[in-house]
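S.K.: The structure is given below, and queries will be raised subsequently.
The values are calculated or read from the model by the stated rules, or taken from the named source; none is laboratory data. What you see is a predicted model, and the numbers here were worked out from it, not measured in a lab. Using ideal geometry, Cβ is built from the backbone for each residue, glycine included, and neighbour counts are taken over all protein chains shown.
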Amino acid sequence: MNLPASIQPVIAGPEEFADALANQGVPSVRLAWQPPPETVSSAATRVLGDARRYAAMEAANTEAMTRITSARCVLVDLRMARDIVPELGDRMLLHAGPPLSWEAACGPMRGALAGAALYEGWARSLPEAETLLERGDIALSPCHEHDAVGPMAGVISPSMPVLVVENKTYGNRAFSTLNEGLGKVLRYGANDAGVIARLRWLRDEVAPTLTAAIRRADGLDLTSIIAQALHMGDELHNRNKAATALFTRAIAPSLAEGDIHRSPLGPRLVGAILRYLAETDVFFLNLAMAASKAALDPAADLPGSTIVTAMSRNGTEFGIRTSGTGDRWFTAPAPAIDGLYFPGYGPDDANPDLGDSAITETGGLGAFALAAAPAITQFIGGTPALARRYTDEMYGITYAEHPRYTIPALDFRGTPVGVDLLKVGMSRIAPVLDTGIAHKESGVGQIGAGIVRVPIEPFDQALMAVASS
Amino acid sequence: MALRWLVRANTYHDSIKLMRISESLGAQQGVVRAAAVMGTPLNRDLLEDDGLLPPGVDVSSDDLLVTVLGEDDVAADRALARLDDLVRVRAASDYGSHLSIPHTMASVSPGGEANLAVIAVPGAFAAAEAFAALRADLHVYLFSDNVAVQDEVRLKRLAAERDLLMMGPDCGTAILGGVGLGFANRVQSGPVGIVGASGTGIQQVACLLDAVDIGIAAAIGTGGRDLSSAVGGSMTRRAVAALKTDAAVQIVVVISKPADGRAAQRLHKDLVKLRKPSVVCLLGAELEDQGTVHYAANLTDTARMVAELLGREFMAPEELPKVTGPARPDTQVYGLFAGGTLRTEAAQVLDAMGVPHTLLDLGGDEYTQGRAHPMIDPRLRAGMLTDLAARSDVGAVLLDIILGDLAHDDPAGAIAPALAEFQANVQGPVPPIYVTLVGARRDPQGLSEQHARLEAAGAHVFAANVVAAGAAGRSIGSAT
C-alpha cells in the first residue's frame, strides 16, 4: 500500500473538521450527514460489513440494473382487459397502489371504483354500485399484482381496453388503460354520465381503430420514443407533450392506411382519434407507465438486491416493492403534496397522493428526470435550477445512470435509476415524485400539480427485511 | 428568573455544534444558564436535575431540546429567539446552487476526486459510514469512538482486502500528505514516520521532535485497540509496511497503549525485517531491543531516541519547581486528562514512585457519548476541576492541554477560570498544579502564549508528560 501523496477529503462529521482542513489550506467536501434510526444503521452495517452478503447484494443489484436498463419496450397491441390481464376476475376491479379495502379507500378512489362498476353494468346506479363494493361483492386487487399500472385511481375493469406493452428483451408484458384526457375523468374519481359515456367511446370507437393501427405498425418502440422525448423537454410523468406528439407521428400512417379508412365512417373515426391524441397531451403517460413497469418487472425477484421495483400510492397508503423482497408491499400513509393549486383550490381540498404513475420515477423518469423538463417547473411550482437539484439529489439514492435515457442539460448524463434501499436508508433522502393533485371528494378532478416527497419508512422496513433475510 | 424551553422534532445537530449553541445562548445578556442538547433520556434527566427542565416534557432522542434560564421573561425569550441564527448550517461552497450535497458515504461514487473519508459521526452510525467509504475506494480516517470491536475487525479486514488505510475507530490524530487530520499539530515535515494506536501519544512525540526541529513525514493513526488481541495489530503492521516503502521515511516510530503480547511479537518480527531503524513505545510491554528495533519506556524517551538515531541534540531537561511545604501522605495526585495515553503514561510514572493517584481519561468512550471531546469542549473538565476543591485529599493536580487544529481555540484561557476557582475554594494549602502542554510553535493557538497563560493561572507547565507526572509525584512524596 502506498500512502496518498496528497489528500482530497470528504467529511461526515462536524463542520470543525472541515474548518481544521481549510485552515491548513485543504479544501474538502462535507456531507450533509443526518443520523438514520439505529435499526437502519445496523441493517446497513450488516449488509456492507459482511463480505458474503455484500457480494451477493452487489451481484443481485448489478443484475437488477442490467435487466432494468436493457429493456426494450414496444407497444404491440390493444386488447380488452378481460382477454389479456392475468388473473383478472369477472367481478374484479384493479386499482392503483398497494392493496386496499373499500373502507380504507379515499374519495376519488371510491368514485372511480363505483364509476367502473356502473360502466361494467354491474349496477344501475351509483348508490347500488357503492352497496356492491361495500358488501365486498366486487373484488379489489392492485394493478401491480396483475402486470398492470394505472394513473391516479388507476381503476381497470374487465371491459376496458388496455395497451399491451412487451419488453422484447425479456418477453414479459405490462398493461395500462387508454388515457381519458383531462377534465372530468374516472381516474380522478368522476363518474357522471359523461364520464361513463367517454369510457364507452374509448372502448367502442377508439379501441377498434387504434388496435388495427397498432397491429399494422408492427410494434412501436416506446423506449426509443421516451429517449427522444427526454431531449424534447418531457420528463414522462407530468409532461408528455413531446412523447405524445412523437407517438402520434408514428401511428398516423398506420391509422390512415387501415381498412377502416375504406368504410363510410372511416375518415371520421380516424379524424376523431387524431383529434383525441392532439387534445390529450397526457396520452403517452399511460404508455410511459406501462413501459416503465415492463422494464422493472424482470428485476422483481432477485434475493439480496436492494433495488426498488415499484413505488405506488392508492390515495390512502404509499407502498413499495423491491427486487430483494419480491411481492411483499412495504407501506406508510400516503403523503400530502407540496404543489400549486388551480384557482379556487388549496391544500385543504387535496387528497393524499394517488396513483401508480410513480412507476415512472422508479424507472428513472418523472421527477428523477426533472432536469430534462425545465418547461414543467412553473406548473409544479419551481424553477429550472430546482429541477436540476432534484435530479442531482436522486443520483445520491440510485444505483445507476440509465444508458438510454439521457439529459441534454446535464451533458447527456443518464437519468438516475434504481432506487437503492441502502442509499435511501443512510442518506435519509426519500425519493421525490412529480404528481397531480386530486380533489379529496370524488368527481371534482385535478386541482393542482406538484412535487411530493414520499415517506421513508417503507424503504427502512424493506432494508431491514433484506438485511435480515 | 424565567425558564423557557423548546423542542424541535427530528432535528439533529452534532455535539460540537450543540456545544457552540449552548455557549452562545449562555453568553446572551440576562441569561443565567442555557443548554442545547439532543433529547436523550440521559440529557433530559440531567437538565431536570439542574432545574433547567420541568419533569414530563415530551421529547425523544431525535429531537433538539433547548432550554434557557433567564433573569426574566424578556431575557429568556430574547435568547431563544436567536436560536435560528445559531443553528443555521453553513452552505458547502464546493457545490453549485443547483447541486445537492451528498448525505452519506454510500452516495459517494468510486473513481471520483476524493481519496479520503473523514468520519466523525456518533459511534452507532460510524461503522456503516466507514464500510460505505471503503466500498467507495476511500482511505478512512475514523475519529468516532463507541464502535463495536467486531466491526473494527471487519473494517480492517475489508481495508486490507482493498489496500486502503483504515485509521480508527477512535483515531484522534493522523498526518498525511503534510496535512493534519483530527487533532494534529502544525509540525514540520521531516524524516520520521509514526504509526500510533494513540492520538495524544503521536501528538506528544511529534511536538517534542518539532521542538528540536525534527519533522514528520507521515503519522498514521490506527485507533487505540489496534494492538489488542481482538484486532491483532492489523492496521499497525500494514502501516509499518507502508512506511517501509516510503522514501521520505528514515525512522519508523510505533506508539501504542499497552499491547497484546502476541500482537507485539508479530509487530516486532516485522520491524526486525524493516531495514530502517525503528523506535517502539508500547507503554508497558517489555521487549528486548534487537538489531534496528529499539524499545522506549515512554513518549519522551521515544522522542529522545529518535533524536539520537538522527544524531541530533534532544531538548534540555525541563526545570522542576522547588518542592515546598510538608509532605502530605494522606493525599493523592488527581489527574484530569484529555489524552488517554498521557493518562496511562502518567499513571506508570506515579505507580513507579509509589504515589497514590486518581487519573481520569475524559476522552474515553464513557465521557464522550453525546458530548464533544474534552480537547474541543472544556466544560466537563472545568466543572470537575472546580469540584475537586471540595476534596480534602488533593495533593497535586495533573492536567494536559493540547493545542493544534481542531482543538479548542484557547484551551488555556478556557481552563483558567476553573483553575482560579479551584485555588480559591480549596481547603488548606493550595495543591500544586502541573500541566503538560502539547503543542508546536506553528500551532494556531500560539504555543508561547498558551504557556504564559497557564503559568499566569498558577500552573507549572511542561512539554514532557513524564516530567509533569514526576513533578506531581515528587510534590506529594517529598518528605517520605
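S.K.: May I ask you to say which residue of A:Gly115, A:Gly89 is touching a residue at least 24 places away in the same chain (Cβ under 8 Å), surrounded by fewer than 23 Cβ atoms within 10 Å (Cβ to Cβ) and more than 14 Å from chain B (Cβ to nearest Cβ)?
M.R.: A:Gly89
S.K.: Against the definition (surrounded by 23 or more Cβ atoms within 10 Å (Cβ to Cβ), under 27 Å from A:Tyr170 (Cα atoms) and either aliphatic (A, V, I, L, M) or assigned by TED's automatic domain parsing to the domain that holds A:His402 (or both)), how does A:Ala96 come out, yes or no?
M.R.: Considered against the rule, which asks whether it is surrounded by 23 or more Cβ atoms within 10 Å (Cβ to Cβ), under 27 Å from A:Tyr170 (Cα atoms) and either aliphatic (A, V, I, L, M) or assigned by TED's automatic domain parsing to the domain that holds A:His402 (or both), A:Ala96 comes out as yes.
Here's the yes/no breakdown for (1) away from chain A (no Cβ under 14 Å); (2) without any contact (Cβ under 8 Å) to a residue 12 or more places away in the chain:
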residue	(1), (2)
B:Ala206	yes, no
B:Asp226	yes, no
B:Thr236	no, no
B:Asp246	no, no
B:Val253	yes, no
B:Arg262	yes, no
B:Leu271	yes, no
B:Asp289	yes, yes
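S.K.: Follow-up. How many residues are in contact (Cβ under 8 Å) with a residue 60 or more places away in the chain, of a type in the set (Asp, Glu) and under 24 Å from A:Tyr399 (Cα atoms) when one looks only at region A:275-323?
M.R.: 1
S.K.: Something else now. Identify all residues within region B:447-480 that are more than 24 Å from B:Gln332 (Cβ to Cβ), touching a helix residue (DSSP H, G or I) at 6+ places or on another chain (Cβ under 9 Å) and small (Gly, Ala, Ser); write none if there are none.
M.R.: Selection gives B:Ala452, B:Ala456, B:Ala463.
S.K.: A follow-up question, please. With the condition being within 13 Å of another protein chain (Cβ to nearest Cβ), among the β-branched types (Val, Ile, Thr) and more than 26 Å from A:Ser141 (Cβ to Cβ), I'd like the strands (runs of 3 or more DSSP E) fully within region A:322-438 carrying at least 1 qualifying residues.
M.R.: A:398-407, A:432-438
S.K.: Tell me which residues, restricted to region A:385-433, are free of Cβ contacts under 8 Å to residues at least 24 places away in the same chain and basic (Lys, Arg).
M.R.: A:Arg388, A:Arg389, A:Arg413
S.K.: Considering each of A:Arg198, A:Arg215 in turn, give the residue that is loosely packed, with under 15 Cβ neighbours inside 10 Å, in the same structural domain as A:Met80 (by TED's automatic domain parsing) and of a type in the set (D, E, K, R).
M.R.: A:Arg215
S.K.: Continuing with this model, one more query. I'm checking my understanding of the structure. Among residues of region B:407-444 that are within 14 Å of another protein chain (Cβ to nearest Cβ) and hydrophobic (A, V, I, L, M, F, W, C), which one is farthest from the chain's Cα centre (by Cα)?
M.R.: Among those residues, the one meeting the criterion is B:Ala440.
S.K.: Can you run down the residue pairs with Cβ atoms below 8 Å, 6 or more apart or on separate chains, where the first is in region B:381-406 and within 14 Å of chain A (Cβ to nearest Cβ) and on the phi < 0 side of the Ramachandran plot and the partner is surrounded by 24 or more Cβ atoms within 10 Å (Cβ to Cβ) and in a helix (DSSP H, G or I)?
M.R.: B:Ile402/B:Thr200; B:Ile402/B:Gln203; B:Ile402/B:Pro411; B:Leu403/B:Pro411; B:Asp405/A:Ala20
S.K.: Being in a helix (DSSP H, G or I), out of contact with any helix residue (DSSP H, G or I) (no Cβ under 8 Å at 6 or more places or on another chain), at pLDDT below 95 and of a type outside the set (Asp, Glu) is the requirement here; does A:Arg52 meet it?
M.R.: yes
S.K.: Please verify whether region A:179-197 includes one or more residues that are in a helix (DSSP H, G or I) and of a type in the set (Ser, Thr, Tyr).
M.R.: yes
S.K.: Also: Are any residues in region B:327-383 in a strand (DSSP E or B) and charged (D, E, K, R), and if so, which ones?
M.R.: Of everything in region B:327-383, just one residue is in a strand (DSSP E or B) and charged (D, E, K, R), namely B:Asp361.
S.K.: When only residues in region B:184-204 that are of a type in the set (A, V, I, L, M, F, W, C) and within 15 Å of the chain's Cα centre (by Cα) count, which is farthest from the other protein chains (Cβ to nearest Cβ)?
M.R.: B:Ala197
S.K.: Additional query: Can you name the number of the only condition in (1) out of contact with any Cys (no Cβ under 9 Å at 6 or more places or on another chain); (2) within 16 Å of A:Met289 (Cβ to Cβ) that A:Leu132 fails?
M.R.: (2)
S.K.: Among the residues of region A:3-45, count how many are more than 7 Å from chain B (Cβ to nearest Cβ), free of Cβ contacts under 8 Å to residues at least 24 places away in the same chain and either surrounded by fewer than 16 Cβ atoms within 10 Å (Cβ to Cβ) or over 26 Å from B:Arg371 (Cβ atoms) (or both).
M.R.: 3
S.K.: Now for a separate question. Checking the structure you have, find out if any residue of region B:280-299 is in a helix (DSSP H, G or I) and buried (at least 16 other Cβ atoms within 10 Å of the Cβ).
M.R.: yes
S.K.: Okay, moving on. Answer with yes or no whether B:Ala316 is more than 21 Å from B:Ser229 (Cβ to Cβ), more than 14 Å from every other protein chain (Cβ to nearest Cβ) and surrounded by fewer than 19 Cβ atoms within 10 Å (Cβ to Cβ).
M.R.: The answer is yes for B:Ala316.
S.K.: Here's a follow-up. Has region B:51-70 got at least one residue that is over 18 Å from A:Pro35 (Cα atoms), assigned to a loop (DSSP other than H, G, I, E, B) and charged (D, E, K, R)?
M.R.: yes
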